[in-house]
Amino acid sequence: MSNGLPAGPAPRRIYEPWDDSQAKALLSISNVSRSYGSVTAVDQVSLDIYAGEFFALLGPSGCGKTTLLRILAGFERPQSGRVTLDGADMTEVPPYRRPVNMMFQSYALFPHMTVEDNIAFGLRQEGTPSREIKRRVAEALDLVQLETYGKRKPHQLSGGQKQRVALARSLVKRPKLLLLDEPLGALDRKLREETQFELMTIQERVGITFVIVTHDQDEAMTMASRIAVMDRGRIAQVATPTEIYEQPNSRYVATFIGSVNIFEGNLVVEGGKSLVRSAEAGCDIALAQAPALAAGHRVWVAVRPEKFEIARDTTPSGATNCVSGVVWDIGYLGNLSTYRVKLDSGKIVIATEANRTRLTERTITWEDRVTLRWTPQAGVALLS
């Protein structure tokens, strides 16, 4: 059956409207706040999301991401601020009048209805003609690859299939905005990883703007065009996954996204170059881009574990961007080995190394003395 969409996986496209000064946001959130008693769940949040984005709200439990999603859906009212969708003010519009659908973590399927009836429910509520309902339900089933499952009931489906039915039901009404509240949380790891790529393909094929709430960093990094990292009701950083990972703007963002090593130190100037002198590291740290601050200013340098080059200790003391210590612990993850190294200062740092060959004998093992080196480009200076 043809549903008017391209056959097969959609080609990945370069999509960066946020860098275009002439681009107009589909969804604008302006100074939105929401409190419950003395607890501020969302605190003066402002955010622009563009048509066709797969946008992620990422943060730990209690950071305000789900409350913000419910405000976008109309289930919660902001106490201040405004929400605009495609130029129309949605702040006071009830959920059923918004061109928005929401997909819940629990899927919320009607157990007594067939798959087809679950998908068609919203269309029937709107009084859509029967022939149109049949056509659009068939298109939705084709989109999520469940063409032969229409007569089944939810208890006859696997978790992944239920997730697809919930997605089809959310898309069949063709909303301008689809909100996803931790939609993959109930799936096992392998199925969750497969479904991430399926969601990306479906989103690109239908062209609808997706906003997903998740606490899973890998999930957000895999699927999202941009990520808003939230902390205690505020947005800590909005950027692409690459920028969030490689150029975090604070220690909070750096430590929340993946593993990272943080060295505290003070800026010094030697030979016209700025360095960070760190007692924790036991060395001076050179940066490709040093902050334009006066000498003596306190900074923190973030280095990801995979940026280290680990070797048995052969480097004399005093080398820049080179720390020494003893292998405290080793974790074998199949594709990676993780080394926890106790530096001479007592600080524990983490280094990872790809297992490019079959592991028969470790070249580095417990209690070995090692050095860790990294390039000036690998470190990021953080001011807070």
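Looking across the range 241-256, the residues that are without any contact (Cβ under 8 Å) to a residue 60 or more places away in the chain and either under 16 Å from ALA224 (Cα atoms) or under 14 Å from the mean Cα position of the chain (by Cα) (or both) come down to PRO241, THR242, GLU243, ILE244, TYR245, VAL253, THR255. Only one entry in SER337, SER324 is at pLDDT below 95 and either of a type in the set (Lys, Arg) or farther than 14 Å from SER278 by Cβ (or both), namely SER337. The set of residues in the range 170-201 being in contact with a Pro (Cβ under 7 Å, 6 or more places away or on another chain) and either over 15 Å from ASN101 (Cα atoms) or assigned to a helix (DSSP H, G or I) (or both) consists of THR201 alone.
Scanning the range 39-61 for residues that are of a type in the set (Asp, Glu) and part of a loop (DSSP other than H, G, I, E, B) yields one hit, GLU53.
If you check GLU264, GLU280 for being part of a strand (DSSP E or B), assigned by TED's automatic domain parsing to the domain that holds VAL349 and among the acidic types (Asp, Glu), only one passes: GLU264.
Among the residues of the range 83-111, the one identified as closer than 30 Å to ALA254 by Cα and at pLDDT 90 or above is VAL83. Of the residues making up the range 53-90, those that are crowded, with 17+ Cβ neighbours inside 10 Å and either more than 24 Å from the chain's Cα centre (by Cα) or touching a residue at least 12 places away in the same chain (Cβ under 8 Å) (or both) number 24. The criterion of at least 1 residues that are surrounded by fewer than 21 Cβ atoms within 10 Å (Cβ to Cβ) is met, among strands (runs of 3 or more DSSP E) falling completely within the range 205-255, by 226-231, 234-239. Please tell me if LEU167 is closer than 30 Å to LEU68 by Cα, part of a helix (DSSP H, G or I), in contact (Cβ under 8 Å) with a residue 12 or more places away in the chain and among the hydrophobic types (A, V, I, L, M, F, W, C). Criteria met by LEU167. Counting only strands (runs of 3 or more DSSP E) wholly contained in the range 288-384, the ones carrying 1 or more residues that are assigned by TED's automatic domain parsing to the domain that holds ARG277 and over 32 Å from the mean Cα position of the chain (by Cα) occupy 309-312, 322-332, 369-373.
The values are calculated or read from the model by the stated rules, or taken from the named source; none is laboratory data. If you're wondering where the values come from, they're calculated on a predicted model, not measured in any experiment. Don't worry about glycine lacking a Cβ; one is built from the backbone with ideal geometry, like all the others, and counts go over all protein chains shown.
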